[in-house]
Every structure is written in structure tokens, then in C-alpha cells.
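S.K.: Take this structure first; my questions come after.
The values are calculated or read from the model by the stated rules, or taken from the named source; none is laboratory data. Note that the structure is predicted; figures quoted are calculated from it, not measured. Here Cβ is always computed from backbone atoms with ideal geometry, including for glycine, and neighbour counts include all displayed protein chains. When the accessible area is computed, the model is the full protein with side chains, heavy atoms only, and any ligands, DNA or RNA have been set aside. Shrake-Rupley method; radii C 1.70, N 1.55, O 1.52, S 1.80 Å.
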Amino acid sequence: MGRLRTGGYHTAMIGVSLLWLGPIIWVVVLSTRTFDDIATNGVGSLPHSFTLDTYVQAWTDGGQLQALINSLLVTVPAVLLSLGLAAMTAFALSRFRIPGRRTILLLMLAGNLLPPQIVLIPVSKFSELTGLYDTLWALIAVQVGFGLGFYTFVLHGFMRDLPNEIQEAATIDGAGVGQIFTRVILPLTRPALAALGALSFTWIFNDLLWAITVIRTEGTMPVTPALLGLQGQFVSSWSVIAAGTVIAAVPTVAVFLGFQRHFISGLAIGAVK
Amino acid sequence: MTTVISTNSTARRRRSFRPSPLLLTFVLVPFAIESIWVFWPAIQGVFFSFTRWDGLSAPVPVGFDNYVELAGDPVFRGALGNSVLWLVLFGGLSILGGFGMALALQRERRGVGVYRAALFLPVVFSMVVTALVWRVFYQPDGLVDQVLTAVGLEHLIRPWLADPETALYAVIIPALWRQIGYIMVLYLAGLKAVDPAVHEAAKVDGANNWQRLWHVTIPQLKGVNAVILSVIVIDSLRSFDIVWALTRGGPYHSSELLSTYMYSAAFQSLRLGYGSAIAVVIFLLALAVIIGYLVRAFREES
């Protein structure tokens, strides 16, 4: 491997990386430009000004703060609930010879693979019927129901491979099913839970389709539909829209940076399993 | 393949295993939740596709009318064609790009972590965020036009998202920008599992880089490829956010996908029966893939 080749490799990869990072950097810079600057010099120009008022506008006038709170109020409980429930099922199905366990597991996975379009209309009607429509509860319920299958499948694969001796030892020591679950298996499943947790956080937080199907009122909207609304509200105020975009992206980027290792292994679970 | 672990060790006790009430709850509660929000609605969805329904009054059974209408609906045909094009372009290019990047960034060397992170960062964004980032670029005085002007191609400039000729492609590019990093991660995981000893042996036998890639690496990625292909097909059929955020299927349905058409038919035109019929078509297309996926998962389980 000559020095020239190494140089060529890095030049090419730096180029590719810039192609990927460029748009992000551009939008962050755009979010700090003033309205006048953009009106005079165009959205495509280099910045001639610096302001953070755009964030204040998106935050308060644009309702991004409320939307961010709504998103977190949906995402955090939905992640905890779906992982908790999935872990229970995965535990029962992987560690005990429950009749029909394989069928149940695959049926649950199949439910997760369904295109959401087929259930969109019935779910929106059902949430109206139960009075959940236009509340964050509806969104939490949908996200839990729709995520369970995949999380159960992945956790099942992980729990199945845990050594049996630990569980046997706990049984001999007199631990019941509940204790084996909470004290033995769950702690050993932590890496998989962390990976799925990071992954499902971004999935649920980033969702648009369910949000616009079961939520109607602007003040109840999570971040993704609110961002689309911001676009209608601040038609050509590109810096305010850019600021809203940055606000909507920060939580998932934070989760990614905080859980980078788990996050990537979570994505890879699908490929190797 | 690992064997299924059981707390009961003898075959006789296995056959007579009766799950405790707690274990039954562990299985039944989540299963019930999924049934309420997924299985039952899916069955209802099929039922609604045989009705005419405005969402307010009761659904009126109309037999196969919706499907007959779909067959003659040019917008539906266009959406079907666009969905196929989307699958081929979005799916094909993200697999090629992701695999290429995974090969380039496979070996641990200086700087590789930074490049990987750069390609991967957009994966954590929502499609809506991605869409808005790119919307700025497609603006009349945005970066795309500026670059074209700078290289002397200003005659190509057009309203990228508002021109029926270019709208669909203008939507695919940001979708790819986000997807390639994701596919790359899947391939990086797959490449890690490729046996280096076989590579060495092929090298000793005088195989060049291309031959090793073609005859050693790719055959060993069969499992990963199958998963990625399923993921891509299912994702393509589901794709909605990016199109909705950029064009809502327009102009003149030029970037309409089955998913966006279903949504607007159901929730904007309030033709819930017709929308359900489109959903059933999407479902049937996905079903073939799902069955393939499950057969694979089933084999692994046993």
C-alpha cells in the first residue's frame, strides 16, 4: 500500500464525509442567519449575520417547545413500556416450554412487519371509539402495539442464548419465575435492552405517520408534524425553519452520541440474527 | 444454532409442562395488546376495503367495487409504478452505496471511525428533518442551483420539487442520503462475520481483489443480503414521511407512492373504503416478503 494510495483513499473518504456532513452543517449555519441576510443574499449564500433569535421564534411562536415536550411524553413511556412487555414475553417464550411458543413468537413478528397502512384507518377509528383520539395516550398505545413484535423477537433470540446453569441455580435456591425474570435474566439482557432502547427511541421520536393519524390538535402534536406545521407558518423564514429542524434533531442526535455503541449494535442485530 | 433451553430436563416432564399463571400473563398481556392494535385492525382493514365509507355514517358493503375502480384509476397506476421505481432506485442504490461504503470502511485504520460516523449521522434524523434539510437545497436560490451555476450548467436549473419531471427523483436523493449509512452498518456487521482464513487462502491461491470479493466475500454475505433485501422491500412499501414532507405526492401525483395515495384517499378525500383497498394492495405486496422473512426466522428458531 503506497503512500499515494493511502492519500487517495483519505481524499476520497473526506469528500464523501463532507457530502454527508455538509447539509447538516449548512442547516445549522442557516439557522443562525437573520431574515434580512437571507432576503438580501439568498438561502444559498454564505452567512453575513449571526443571531439566535430564530431559535426563540421557533421555540415559542412556532410551538416547538410544546412539541418537543409532547414527543418526549410519548417516546419515553412508549420505549419503557414496549421493552418491558416485550422482555416479559421473550422471557416466557425463550426460557420455558410454553405450548405453541414458536407460533406465538412468529405471529408477533409478522404483526410488526405488516405495512402500517393496512391498520391506519381501523386504528384511527378505534382510538376515536375509545376516546383516545387526539391524545398522547393513543400514540403511546399504537407505538407499543406496533413495536412489541420486533422487540420480542430480538430479546427472545438474546435470552435463548443465555446459559441455563444460572437459571437452574436460582431455581434450586428457591427463586420463583418472577424473581428469575427480574433478578437473573433481565440484568443479563441489559446489552440487548440498551441497544433496542436507543433504537426504539429514535424510531418512535422520528415517527410521522402515526402522529398525523391519531393526533389532530396542534398543541398535542409531537415534533415531526409540528415541524411540518412550522414550515407553513413561517413560509419563507428559512432560518426559523432551520432552527426548528435543529431543535427536532437534537434529542435523537443526543441519544445517538450517548449510546453510540449500543445504537449501532442495535441496528446490526437485524442483519446478523 | 443453539437449542431451545428449558428448565425441565426430562422429556416426560417437558410434555406435561403447564405454564404458571404468571408466565401465561407474561405471554398473553403483550399478545393481547398487539392483537388490539395490530391483528384485529388488520382484519378490519381488509373488511373495510369491501365497503364505501366516509368515516361518519356506517360503511356500505360494495363487494369488489373499490378494487375494480383501482384497476382503472390512473393515479393508482402511477403510484404503483412510482412505488416500483422507488423500490428499484431507492432500494438498489442504497444497497450498492451501503455495500460500497462498508467495503471502503471495513478495515480498521486511521480516520475510519470519523468517516463511518459522518455517513451514519443522518440515520438518526427523522425523514421530516431530512426533508427540510434538503428542501433548503432545492430552493430557487439554494445550493443545488448555485452549484449548477458555478459549473456552468445553469440551463438545467428548474423548480426541482415542483416539476413533475424531477419531483420523484428530487425526493429519492435525500431518502438515499439517509438510508446509505443504515445499510452500511448492516453490511459492516455482516462483513465482520466473514471468515478471514478463507480470504487468506484465496490470496495465497492468487485470487485478485475482485475475485476475492466476488467468490469469497459476497457468497458469505448471503444471510445479510436476505435480511437487507427484506428490510428494503418492506421499507420501500412503507416509505411515506419523506414524500409527504417534501411534495405530498405532487405535483399532479408525479411523486405519488402507494402509501401517500392511500393516506390522502383515506384521510383527505375521506374515502376510507377506497383507501383500505389501496392498503390491502400494499399489504399483499408486503406479504410475499413477510412470508419469506418468516420462513427464514422459522428455520433459525428450530
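S.K.: What number, in percent, do you get for the relative contact order of chain A if the mean sequence gap of Cα pairs under 8 Å and at least 6 apart is divided by its residue count?
M.R.: Details: 282 pairs, mean separation 82.7, N = 273.
After rounding, I find 30 percent.
S.K.: Among A:Ser265, A:Leu139, A:Val240, whose Cα projects farthest towards the positive end of the dipole of segment A:136-273, with charges put on the beta-carbon of Lys, Arg (+1) and Asp, Glu (-1)?
M.R.: A:Val240
S.K.: What total accessible surface area, summed over both chains, is buried at the interface between chains B and A, computed with a 1.4 Å probe and given in Å² to the nearest 100?
M.R.: Using a 1.4 Å probe on protein heavy atoms, the buried area is about 9300 Å².
S.K.: Still on this structure: Ranked from the most accessible area to the least, with a 1.4 Å probe and all protein chains present, what is the order of B:Val151, B:Val281, B:Val124?
M.R.: B:Val151, B:Val281, B:Val124
S.K.: Apply the Kirkwood formula to segment B:74-301: the hydrodynamic radius equals the inverse of the mean of 1/r over all pairs of different alpha-carbon atoms; give it in Å with one decimal.
M.R.: 19.7 Å
S.K.: With the crude spin-label approximation of a point 7 Å out along Cα→Cβ, what separation in nm comes out for B:Leu148 versus B:Ala71?
M.R.: Once both label points are built, they end up 4.2 nm from each other.
S.K.: What net charge do the residues around B:Gly98 carry, taking every other residue with its C-beta under 13 Å from that of B:Gly98, with Lys and Arg at +1 and Asp and Glu at -1?
M.R.: Once positives and negatives cancel, what remains is +1.
S.K.: Pairing the Cα long axis of helix A:117-129 with the longest principal axis of chain A, what angle in degrees results, from 0 to 90 and rounded to the nearest 10?
M.R.: 80 degrees
S.K.: Just to be sure I follow the rule: in the protein assembly as shown, considering lysines 8 or more places apart or on different chains, how many pairs have Cα atoms under 30 Å apart? Write out the running numbers ahead of the final one.
M.R.: Details: A:Lys273/B:Lys192; A:Lys273/B:Lys203; A:Lys273/B:Lys222; B:Lys192/B:Lys203; B:Lys192/B:Lys222; B:Lys203/B:Lys222.
The result is 6.
S.K.: Also, I was wondering about something else. Shielding of B:133-144 by partners, i.e. mean partner chain Cβ atoms within 10 Å per residue?
M.R.: The mean count of partner-chain Cβ atoms within 10 Å per residue comes to 5.
S.K.: In degrees between 0 and 90, to the nearest 10, how far off the longest principal axis of chain A does helix A:238-258 point, with axes built from Cα atoms?
M.R.: For A:238-258 against chain A, the angle is about 30 degrees.
S.K.: Something else about it: Which value in nm describes the separation of the simple spin-label points at B:Leu270 and B:Trp214, placed 7 Å from the Cα toward the beta carbon?
M.R.: That separation, rounded to one decimal, is 6.1 nm.
S.K.: How do B:Asp241, B:Asp195 stack up against each other in accessible area, from largest to smallest, with a 1.4 angstrom probe?
M.R.: On the way: B:Asp241 30, B:Asp195 70 Å².
In descending accessible area the options line up as B:Asp195, B:Asp241.
S.K.: For segment B:74-301, which whole-number percentage of the solvent-accessible area (1.4 Å probe, protein heavy atoms only) is attributable to carbon and sulfur atoms?
M.R.: Details: 6330 of 9760 Å².
Within segment B:74-301, the accessible surface is 65 percent carbon and sulfur.
S.K.: Along each principal axis of its Cα atoms, how long is segment B:72-179 end to end? Whole angstroms, biggest number first, please.
M.R.: Principal extents (largest minus smallest coordinate, Cα): 53, 39, 24 Å.
S.K.: In square angstrom, what is the accessible area per residue of segment A:106-237 with a 1.4 angstrom probe?
M.R.: 34 Å²
S.K.: Short version: ³J(HN,Hα) in whole Hz for each residue of segment B:272-288, in order, from phi by Karplus 6.51 cos²θ - 1.76 cosθ + 1.60 (θ = phi - 60°), x for Gly and Pro, what are they?
M.R.: Values, residue by residue: 5, x, 5, x, 4, 5, 4, 4, 5, 4, 4, 4, 5, 5, 6, 4, 4 Hz.
S.K.: Follow-up question, since we're still on this one. Name the shape class, rounded, prolate or oblate, that the alpha-carbon gyration tensor gives for chain A, where a ≥ b ≥ c are the square roots of its eigenvalues, rounded holds for a/c under 1.5, and otherwise prolate holds if a/b is larger than b/c and oblate otherwise.
M.R.: Oblate shape, in that a/c is at least 1.5 and b/c is the bigger or equal ratio.
S.K.: Ok, one more. Once every DSSP H run of n ≥ 4 in the protein assembly as shown is given -39500 (n - 2.57) and the sum is divided by its residues, what mean residue ellipticity at 222 nm do you get, rounded to the nearest 500 deg cm²/dmol?
M.R.: Helix contribution divided over all residues of the protein assembly as shown: -22000 deg cm²/dmol.
S.K.: How much accessible area does B:Arg271 have with a 1.4 Å probe, in Å² rounded to the nearest 10?
M.R.: Accessible area of B:Arg271: about 90 Å².
S.K.: Can you list the GluC sites (Glu not before Pro) in segment B:226-302 that are in a DSSP coil and have 16 or fewer other beta carbons within 10 angstrom?
M.R.: Sparse-neighbourhood loop GluC sites (Glu not before Pro): none present.
S.K.: Additional query: Ignoring ligands and nucleic acids, what accessible area does A:Thr11 show with a 1.4 Å probe (Å², nearest 10)?
M.R.: Solvent-accessible area, nearest 10 Å²: 100 Å².
S.K.: At 0.36 nm per residue, minus the direct Cα-Cα distance, what do A:Thr103 and A:Phe50 gain on full extension? Give it in nm, one decimal, please.
M.R.: Values: separation 53, 0.36 × 53 = 19.08 nm, distance 5.95 nm.
Full extension from A:Thr103 to A:Phe50 adds 13.1 nm.
S.K.: Over all directions, what mean area does the Cα convex hull of the protein assembly as shown project, stated in square nanometres?
M.R.: Directional mean of the projected Cα hull area for the protein assembly as shown stands at 30.7 nm².
S.K.: What are the ³J(HN,Hα) couplings of segment A:57-69, residue after residue, when phi is run through the Karplus curve with 6.51, -1.76, 1.60 and θ = phi - 60°? Round to Hz, x for glycine and proline.
M.R.: Result, ordered by residue: 5, 5, 5, 9, 5, x, x, 5, 5, 4, 5, 5, 4 Hz.
S.K.: Taking the Cα centre of segment B:200-290 as origin, work out the dipole magnitude from +1 charges on Lys and Arg Cβ and -1 charges on Asp and Glu Cβ, in debye rounded to 20.
M.R.: On the way: 6 positive and 5 negative charges, 18 e Å.
Charge dipole, segment B:200-290, about its Cα centre: 80 debye, nearest 20.
S.K.: Express the relative contact order of segment B:74-301 as a whole percentage, based on alpha carbon pairs under 8 Å and six or more residues apart in sequence.
M.R.: Relative contact order for segment B:74-301 comes out at 29 percent.
S.K.: Karplus couplings for segment B:226-235 from phi (6.51 cos²θ - 1.76 cosθ + 1.60, θ = phi - 60°), rounded to Hz, Gly and Pro as x?
M.R.: The phi angles translate into 4, 5, 4, 4, 4, 4, 5, 5, 5, 4 Hz.
S.K.: What is the set of long-range amide H partners of B:Arg52 at a cut-off below 5 Å, with H atoms built 1.01 Å from backbone N?
M.R.: Amide H neighbours of B:Arg52: B:Val60, B:Val62.
S.K.: Tell me, what is the per residue accessible area of segment B:74-301 in Å², probe radius 1.4 Å?
M.R.: 43 Å²
S.K.: What are the trypsin sites (Lys or Arg not before Pro) within segment B:58-112 that DSSP puts in a loop, where the Cβ has at most 11 other Cβ atoms within 10 Å?
M.R.: Values: sites: B:Arg77, B:Arg107, B:Arg109, B:Arg110; in loops: B:Arg107, B:Arg109, B:Arg110.
Those satisfying the criteria are B:Arg107, B:Arg110.
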